[in-house]
Amino acid sequence: MCGGYILWGISIWSFALIRTDVISKIVPATVSAASAGVSLVIVMDCVMTFFGSSANDACFNAWLTDSTDETNRGTAEGVNAMMPLLAILVVFGGFMGFDLDKASAWVTIFTVIGAVVLVIGVLGFFLIREPKVDTSGNQSILRNVSYGFRPSVVRQNPALYWTLAAFAVFGISIQIFMPYLILYYEVTLGMENYVMIMAPAIVLAAVVTVFYGKLYDKYHFRGTLPPALGMLGAGYVLLFLTRATAPVFLGSLLMMSGYLAGMAVFGAMIRDNTPANRAGMFQGLRIVGQVLIPGVIGPWIGALVLRNADTVIGDDGTASFIPHNGIFLAALIAGVLVLLPAVPLLRKQRR
């Protein structure tokens, strides 16, 4: 995990070197520095994603599962669920004063972020406590990777796979509207200061999520999933019905709170039902349910809802749909459908 973070940091920092003035000194004169730069960006983005996913999505999440138990996983997931959105605020807020039209600004940004990630990886060697895990059941890499996809394993762990299925539908609901959320605030609602809506809503939702994770440790899945979905649904309804600043803020707060609380609940439930000493073998499967399926189906549904909408040209020259409130209605329907795969879990769990 720590080695992966170090390599992740180096790969992020390498983007600071992908500049035409640097590339032109390396590539032959017959090759365009701009085209070579585009190719390098694509390649390094893949490399960076590989190191980041290996270090965080695979190793860190496996370590977190092994380092917690049923008494504190909700608390840990409450903190874990809020971190990505808080990180976005830190990055955007920290670099808001930079002139992004200047190459020097991006050199600084990639250098700072890469250095921070690298330092975190180094500190991990000294700060992270390694949990005791029985690795005697480990097999070849190929068999370990395919372990969670075996029919026999699915039959042995039905609660885990029902949770993953419900998590996938939950993620689809989020991804229907999330790619268009800023455009909806800025273009559809005409809110030039949309940051004043998003930032407080994210911060307050993060605080709610920390406390909500503690509720999972006390009331578990049955007691915490329905309220999280209720907050999410209430946020969708307000965003669908209203356009004024105050109710939009309230709707955004409820939506963000339900989103982060749901992430904490599903994350803790997955960890609770992961077979002991097998956490690493299920992280790829978790990403399939949390990222791959929602990331493909959710935006497809959003684009389908907006297929006849007007378009706007962004700063990068690409056209994007001008979203309307129908995306929140579609997200609400998907949010209700989360209950279908969750019902077996809610019926079985009586505590």
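Brief remarks follow.
- A205 being of a type in the set (A, V, I, L, M, F, W, C), in the same structural domain as R347 (by TED's automatic domain parsing), at pLDDT below 90 and within 19 Å of the chain's Cα centre (by Cα): no
- Annotation note: Cβ proximity below 6 Å between a residue of the stretch 84-101 that is in a loop (DSSP other than H, G, I, E, B) and a residue that is surrounded by 10 or more Cβ atoms within 10 Å (Cβ to Cβ) and at pLDDT 75 or above (sequence gap 6+ or interchain) occurs for F95/I109; F98/A105; D99/A105.
- L85 out of contact with any Gly (no Cβ under 6 Å at 6 or more places or on another chain) and within 24 Å of M263 (Cα to Cα): yes
- Only one of F110, F170 that is at pLDDT 95 or above and in a helix (DSSP H, G or I): F170
- For the stretch 207-225, the count of residues that are touching an Asp or Glu at 6+ places or on another chain (Cβ under 8 Å), of a type in the set (S, T, Y) and assigned to a helix (DSSP H, G or I) is at least one.
- None of D101, D69 is within 24 Å of the chain's Cα centre (by Cα) and of a type in the set (D, E, K, R) except D69.
- Failed item in (1) closer than 24 Å to A330 by Cβ; (2) more than 16 Å from the chain's Cα centre (by Cα); (3) of a type outside the set (A, V, I, L, M), with R143 passing the rest: (1)
- Matching residues in the stretch 101-135 - criterion: being exposed (fewer than 11 other Cβ atoms within 10 Å of the Cβ) and under 25 Å from I287 (Cα atoms): R129, E130, K132, D134, T135
- Cβ separations smaller than 8 Å between residues 6+ apart or across chains give no pair from the stretch 261-276 residues that are without any contact (Cβ under 8 Å) to a residue 40 or more places away in the chain and buried (at least 24 other Cβ atoms within 10 Å of the Cβ) to residues that are of a type in the set (S, T, N, Q) and assigned to a loop (DSSP other than H, G, I, E, B).
- Failed item in (1) within 30 Å of P275 (Cα to Cα); (2) of a type outside the set (D, E, K, R); (3) crowded, with 19+ Cβ neighbours inside 10 Å, with M83 passing the rest: (3)
- Of the numbered criteria (1) over 23 Å from the mean Cα position of the chain (by Cα); (2) in a helix (DSSP H, G or I); (3) over 18 Å from C2 (Cβ atoms), the one L123 fails is (3).
- Which numbered condition G190 fails, given (1) within 24 Å of the chain's Cα centre (by Cα); (2) small (G, A, S); (3) on the phi > 0 side of the Ramachandran plot: (1)
- Tally, over the stretch 128-140, of residues that are polar (S, T, N, Q) and either more than 15 Å from N277 (Cα to Cα) or within 28 Å of the chain's Cα centre (by Cα) (or both): 1
The values are calculated or read from the model by the stated rules, or taken from the named source; none is laboratory data. All values reported here derive from a predicted model rather than from experimental measurement. Don't worry about glycine lacking a Cβ; one is built from the backbone with ideal geometry, like all the others, and counts go over all protein chains shown.
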